[in-house]
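So the structure is just underneath, and the comments pick up after that.
The values are calculated or read from the model by the stated rules, or taken from the named source; none is laboratory data. Just so it is clear, the structure is predicted and the values come from calculations on it, not from any experiment. Note that each Cβ is placed from the backbone with ideal geometry, even for glycine, and that neighbours are counted across all protein chains shown.
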Amino acid sequence: MLLDAHELHISYGDIRAVNGVSFDLQEGELVSIIGANGAGKSSILNGIMGIVPLRKGSIHFDTDEITSLATHQRAKAGIRMVPERARVFPRLTVYENLMAGAYGLRKRIKIAKQIAWLHDLFPILKERNNQPANTLSGGEQQQLSIARALISEPKLLLVDEVSMGLMPKLVDQVFEVLKQLNRDHGLSILVVEQNAMASLKISHRAYVLETGTCVHEGRASELLEDPKVKEVYLGH
Amino acid sequence: MSAYLITIATLIAIYAIVVCGLNVIVGFAGQISLGHAAFFGIGAYSAALLATKGGLSFWTALPCVIAVSAFIGLLLGLPSLRVKADFLAITTIGINFIVEALFLYVPFFGGALGIGGIPRVMFFGIKLKGLAFFYLCLFFLVVVILICWWFRRSWAGLACFALREEESAAASMGISPVRFKLLAFVIGTGMAGLGGALYAHYIRFIAATDFAFPVSILFLSMVVLGGMGTLWGPVLGALILGALPEIFRPLVDYRFLFYMVLLLIMIRFQPGGLLGERSAVRRVLASIIPGAHQ
């Protein structure tokens, strides 16, 4: 098992955002966590990355327990995140953003080769190479954020609400890229999404979250057919 | 050059060294510091003590002075790991007052009388004064600028910039916030210590008030005016704010009012500073010299 999260509890002061959620992810899998706004999805990803502390629970990654590691140590273990709203480094150029993603890896990866591959994947980034990231559109920033995570050849990619604020055509494109990365490169991906339809379509499995607890889990194809899930999350 | 001009130029060069250090902390790593004068003072006092009580020459004392300033900078940089922006500003102000009080009330530091009789810098048996001492300061300023230039292009610099822009995103890329914030504090306060040593051996009489809180405001004004995070901004800021009080001598009592108004105007109209991205000066430069925007 690549990622095993057991009984995660996350609180902000008195507010309990996540209440005992457990899930796992096998190597090569694409798994979604879906749910409405405020269900605790982003808290879970931030908890895995170590950006918010866990109140209770444990996380194992690649057989090692990472629960007590700092964020940057988890990143070094091979986890990368595409944060909500991209969080590119606004005043750094596109190129510098990518290089920051490759920080500390110059001996392990061939940076020039990775950049050439990412330019193939997202041609717009090549065009914008020397522009500050804050001059990019929302969609371009999302692409940069994904590329910045991918440059490190992560073992696990966490993707937080990548569809937020993008036009529908771009959402499809971005999800297509994630599907490709999973299928063609065997990249393990955990997607957290409000756009349940788009993410279920590309996922193997999914967990459905409601106010901090997991209410359904199963194969994505089955959840797409499930009448209850359909009614609440897919708008049918 | 007249002696008067040399004096102004020497002080500006020393300020520029100190302010380049502040720029590493504030501009490169994005950690606000309103107590930089404390480290300028720590450098000056350690240089003065090592020279007068320790009997060491400027050159043998200098590595110790820089090490002491940087080490205390490391210790006092620790709060930056816990507190954010506004609290860090207040913490650093507090540090400035504590350091100033220690200089003022501890007899070892000379108390209210300060430390006098600091010898001139010797260089191969020659006493450096006037123009020669100015060249020495200029030499160290060039060294400091080269370090900043190298830092901006290094992986460590990129890591600091990334932390400044988006701390949690940078951490989730394997960049340790602890290591690089402290690195910025060590480099920045080390430079302040160097400036302090030069100041002590130039003025040759130092007292606690030379390193009081308003001096920190002056340093921060220089960084903001010139352009936070740029290479030449701190030098330009030191040049302008170092020369202005001399040009407007009669208004010298109002200079802190002037600095405050200047800070507000800069933050409102040119937040990137004179040499910041998309600043008016940069646009003019770019129109005169093609490719100068780099």
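Computed values, structure above
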read-out: Pairs where the first residue, in region B:147-170, is more than 10 Å from every other protein chain (Cβ to nearest Cβ) and more than 16 Å from A:Leu98 (Cα to Cα) and the second is assigned to a helix (DSSP H, G or I) and modelled with pLDDT of 95 or more, C-beta under 6 Å, 6+ apart; value: B:Cys148/B:Cys20; B:Phe151/B:Gly157
read-out: Residue list for region B:158-207, restricted to those being part of a loop (DSSP other than H, G, I, E, B) and over 30 Å from B:Thr52 (Cβ atoms); value: B:Glu166, B:Ser172, B:Met173, B:Gly174, B:Ile175, B:Ser176
read-out: Matching residues, region A:8-36, being under 20 Å from A:Leu156 (Cα atoms) and loosely packed, with under 15 Cβ neighbours inside 10 Å; value: A:Ser22, A:Gln26, A:Glu27, A:Gly28
read-out: When residues of region B:143-158 are limited to those that are out of contact with any helix residue (DSSP H, G or I) (no Cβ under 8 Å at 6 or more places or on another chain) and of a type outside the set (Phe, Trp, Tyr), the one nearest to B:Val18 (Cα to Cα); value: B:Val143
read-out: Selection status of B:Gly77, touching a Lys or Arg at 6+ places or on another chain (Cβ under 8 Å) and at negative phi; value: yes
read-out: Verdict on B:Ala208 being away from chain A (no Cβ under 14 Å), touching a Cys at 6+ places or on another chain (Cβ under 6 Å) and in contact (Cβ under 8 Å) with a residue 12 or more places away in the chain; value: no
read-out: Qualifying residue in region A:104-113 (condition: surrounded by 16 or more Cβ atoms within 10 Å (Cβ to Cβ), facing chain B (nearest Cβ under 8 Å) and more than 18 Å from A:Gln141 (Cα to Cα)); value: yes
read-out: Among residues of region A:93-103, those that are assigned to a helix (DSSP H, G or I) and more than 7 Å from chain B (Cβ to nearest Cβ), counted; value: 4
read-out: Filter result for the condition that a residue is of a type outside the set (Gly, Ala, Ser), within 23 Å of A:Leu166 (Cα to Cα) and free of Cβ contacts under 8 Å to residues at least 60 places away in the same chain, over A:Leu69, A:Leu105, A:Leu121; value: A:Leu121
read-out: Residue in region B:233-256 that is surrounded by 18 or more Cβ atoms within 10 Å (Cβ to Cβ) and in a loop (DSSP other than H, G, I, E, B) present; value: no
read-out: Unique residue being within 13 Å of chain B (Cβ to nearest Cβ), farther than 30 Å from B:Gly227 by Cα and touching a Gly at 6+ places or on another chain (Cβ under 9 Å) when the list is A:Ala149, A:Ala86; value: A:Ala149
read-out: Residues of region A:60-78 satisfying the condition of being more than 8 Å from chain B (Cβ to nearest Cβ) and buried (at least 22 other Cβ atoms within 10 Å of the Cβ); value: A:Phe61
read-out: So B:Leu34, is it outside any helix (DSSP H, G or I) and closer than 16 Å to B:Ala184 by Cβ; value: yes
read-out: Lone unmet requirement of (1) over 27 Å from B:Arg164 (Cα atoms); (2) crowded, with 23+ Cβ neighbours inside 10 Å for B:Phe123; value: (2)
read-out: Any chance A:Ser188 is touching a residue at least 40 places away in the same chain (Cβ under 8 Å) and more than 30 Å from A:Glu231 (Cα to Cα); value: no
read-out: Failed item, numbered, when A:Glu161 is tested on (1) surrounded by fewer than 18 Cβ atoms within 10 Å (Cβ to Cβ); (2) under 13 Å from the mean Cα position of the chain (by Cα); (3) among the charged types (D, E, K, R); value: (1)
read-out: Residue selected from region A:183-236 under the condition closer than 17 Å to A:Leu3 by Cα and charged (D, E, K, R), by the criterion surrounded by the most Cβ atoms within 10 Å (Cβ to Cβ); value: A:Arg205
read-out: Unmet requirement for A:Pro90, which otherwise passes all of (1) out of contact with any strand residue (DSSP E or B) (no Cβ under 6 Å at 6 or more places or on another chain); (2) not in a loop (DSSP other than H, G, I, E, B); value: (2)
read-out: Breaking point among (1) more than 13 Å from chain B (Cβ to nearest Cβ); (2) of a type in the set (S, T, N, Q); (3) in contact with a strand residue (DSSP E or B) (Cβ under 6 Å, 6 or more places away or on another chain), for A:Ser137; value: (3)
read-out: Residues being under 17 Å from A:Gly104 (Cβ atoms) and β-branched (Val, Ile, Thr) - total across region B:176-192; value: 1
read-out: Within region B:172-198, tally of residues that are facing chain A (nearest Cβ under 7 Å), crowded, with 24+ Cβ neighbours inside 10 Å and over 18 Å from A:Ala133 (Cβ atoms); value: 1
